[in-house]
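Q: Mind looking over this structure? Questions follow.
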Amino acid sequence: MNKMRINSERLLDNLNKLKTFTDTPGEGVTRFSYSAKDAEARAYIIDRAEKAGASIHIDALQNIRMGLKTNRPGHKTLVAGSHIDTVRNGGWLDGIYGVCSALEVLETLSENDFSGEYNFEAVVFAEEEGSNFGSTMTGSKFIAGIYNEENLDKLTRDDGLSLRQVLCSLTDSRVYSIPGPGGINAEDIESLPWDFSQIKAMVELHIEQGPILDKSGERLGIIDSIFGMRVIEVVMEGVGNHAGATPMSQRQDALSAAAEAILKAEEIVRSDEDRRTVVTVGKMEIAPNCSNVIPEKVCFSLEVRDKDEAKINRFMDRIIAAIRDIAKARKVSCSCREHSHSLPLHLDDRLAQGMKNAAEKSGIPFRYMDSGAVHDACMIAYKVPTGMIFVPSINGRSHVPEEDTKPEDLVAGAEFLFEIVCRELG
Ligand code: HGY
Ligand code: MN
Ligand code: MN
């Protein structure tokens, strides 16, 4: 078989074009699922896939499956993909690098009229970041059957719209599957989970988003396990009052209580002997949020992540108890509501071993490592053998405009993905 090779120029061009689809030009990439910029990026990707002869299937959550033109009925499918949505003012590679690389694999296989023992699909998972609804990996949770119709209405955005309402508001039929006049029906929901008996495996290529490869000098990460995460929503309610006329001794300040609770959460997790568990408060609303009013109500997200589920729960339970004690001492009320979670997951050993062998053979320095970030691969791994590959993130930065990876590492990662896919396609 002639040695097929990806077109690295095309890969980098696509990435550079796609980063222009952002709501915050010059301040990183902001491309939430179901936004106008999301639609533009989808159109660009779908257009390329269709030009390569691919079949396009978009489900009710707007996950996209792009099938190689030589795919045959009755043959199991190897899937490669990731997400194209971002956090606010995020980076230009998180997610979309894996989608672009899977698209490059599709285009290269198509140009070579490749047809193997197995079929191939490039996939875009919707709403991976949770930037709209606060729940990561939403599209892939529906695909894996972890989420169902109830979540369509339970998940809401800051503007109060539910996931169902947002999906029903979509109008661009070029890039979205538009619900019928009756909205999203039972059939749309039933057809969301994949028939995993027809899926051979999945591979996701992603930037590391952390400092390990950048520091060690290895150029590839082969992933052992993806951390789990548990997210709660905390509301602390005190008494609003005048910032100037209220003596310190008479305050029930919700924000001061929250501040103490957040520092306490940090102190609890910093006590971790493994120094692996992480806790983050990334989103907060303050009411009434005026400089001369003692904050009455504060609502914030708090997430704990680790490789070990029992540890996640041990730390989170200690944090919740501490929040309650602080609220009591400060005479403010508090509620801690479970928001979302995903379990830690060890990825497929056979796939990982194959990747290690391939990396050894090609002489690319690699490291077998964990992922502190969660990925759609985590949800698919519940169902079929799944593998993940990382490339280094410069200075270990991600989810920020500074997110970057050397072009030669982007190309090496995509070439490695291509090699693994070709090995798996047989
Ligand atoms: O939050 C995460 O780990 C991923 O970037 N959504
Ligand atoms: Mn990602
Ligand atoms: Mn991300």
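Bear in mind that the values in this text are calculations on the coordinates, not laboratory data. Owing to the predicted nature of the structure, the values given are computational and were not obtained by experimental measurement. Virtual Cβ from ideal backbone geometry, glycine too; neighbours counted across all protein chains shown.
Q: Please turn the phi angles of the range 380-386 into ³J(HN,Hα) values with the Karplus equation 6.51 cos²θ - 1.76 cosθ + 1.60 (θ = phi - 60°), one per residue in order, whole Hz, x for glycine and proline.
A: Each residue's phi maps through the Karplus curve to give 5, 5, 5, 10, 9, x, 9 Hz.
Q: Also: Using the structure shown, select from K264/K307; K3/K361; K215/K283; K297/K331 the pairs with a Cα to Cα distance greater than 19 angstrom.
A: Details: K264/K307 22 Å; K3/K361 16 Å; K215/K283 29 Å; K297/K331 13 Å.
From the list (K264/K307; K3/K361; K215/K283; K297/K331), the Cα-Cα distance tops 19 Å for K264/K307; K215/K283.
Q: Quick one: net charge of D214's neighbours, Cβ under 11 Å, K/R +1, D/E -1?
A: Values: positive: K215, R219, R397, K406; negative: E208, E218, D404, D409.
Here the count lands on 0.
Q: So, in nm, how far is label E117 from label N395 when the simple model puts each one 7 Å beyond its Cα toward the Cβ?
A: Simple spin-label model gives 4.7 nm for this pair.
Q: Compute the distance in nm between two label points, each set 7 Å from the Cα along the Cα-to-Cβ direction, one at K3 and one at F196.
A: Using points 7 Å along Cα→Cβ, the separation is 3.8 nm.
Q: I've got another one for you. If r is the Cβ-Cβ distance from K264 to N89 and R0 is 30 Å, what FRET efficiency results, to the nearest 0.05?
A: Efficiency computed from Cβ-Cβ geometry: 0.60.
Q: Quickly rank 371-382, 215-226, 66-77 as a protection proxy: mean count of other C-beta atoms within 10 Å, highest first.
A: Numbers: 371-382: 25.0, 215-226: 19.9, 66-77: 16.2.
Packing order, densest peptide first, comes out as 371-382, 215-226, 66-77.
Q: Shifting gears a bit: Tell me the mean residue ellipticity at 222 nm calculated for the chain from its helices only (DSSP H runs of n ≥ 4, each -39500 (n - 2.57), averaged over every residue, nearest 500).
A: The helix-only estimate for the chain comes to -10500 deg cm²/dmol at 222 nm.
Q: Please name whichever of T30, A49, L255 sits farthest to the positive end of the charge dipole of the chain, dipole taken about the Cα centre and charges placed at Cβ: Lys and Arg +1, Asp and Glu -1.
A: So the residue we want is L255.
Q: Right, here's the next one. Relative to the longest principal axis of the C-alpha atoms of the chain, give the angle of the C-alpha long axis of helix 254-270, reported between 0 and 90° and rounded to the nearest 10°.
A: 50
Q: OK, next. Based on the mean of other beta carbon atoms within 10 Å per residue, what is the order of 333-340, 386-393, 228-235, 156-163, most packed first? Numbers along the way, then the final one.
A: On the way: 333-340: 16.5, 386-393: 26.9, 228-235: 20.6, 156-163: 14.2.
Most protected by this proxy first, the peptides run 386-393, 228-235, 333-340, 156-163.
Q: In addition: Normalising by the residue count of the range 228-342, find the relative contact order in percent from Cα pairs under 8 Å and 6+ residues apart.
A: 47
Q: At 0.36 nm per residue, minus the direct Cα-Cα distance, what do S333 and I364 gain on full extension? Give it in nm, one decimal, please.
A: Details: separation 31, 0.36 × 31 = 11.16 nm, distance 5.53 nm.
Taking 0.36 nm per residue and subtracting the Cα distance, the gain is 5.6 nm.
Q: Given labels modelled 7 Å from the Cα in the Cβ direction, how far is it in nm from L170 to D272?
A: Modelled inter-label distance: 3.5 nm.
Q: Between D47 and A321, what is 0.36 nm times their sequence separation minus the Cα-Cα distance? Round to one decimal in nm. Let's see the in-between values first.
A: On the way: separation 274, 0.36 × 274 = 98.64 nm, distance 5.21 nm.
Between D47 and A321, full extension yields 93.4 nm more.
Q: Sort all Cα-Cα distances of the chain into consecutive 20 angstrom bins from zero, then give the percent of pairs in each bin up to the one containing the longest distance.
A: Once binned at 20 Å, the Cα pair distances of the chain give 25, 55, 18, 2, 0.
Q: Are there any trypsin sites (Lys or Arg not before Pro) in the range 1-67 that are in a DSSP loop and have at most 15 other Cβ atoms within 10 Å? List them by number.
A: In loop regions of the range 1-67 (DSSP not H, G, I, E or B), the sparsely surrounded trypsin sites (Lys or Arg not before Pro) are K3, R5.
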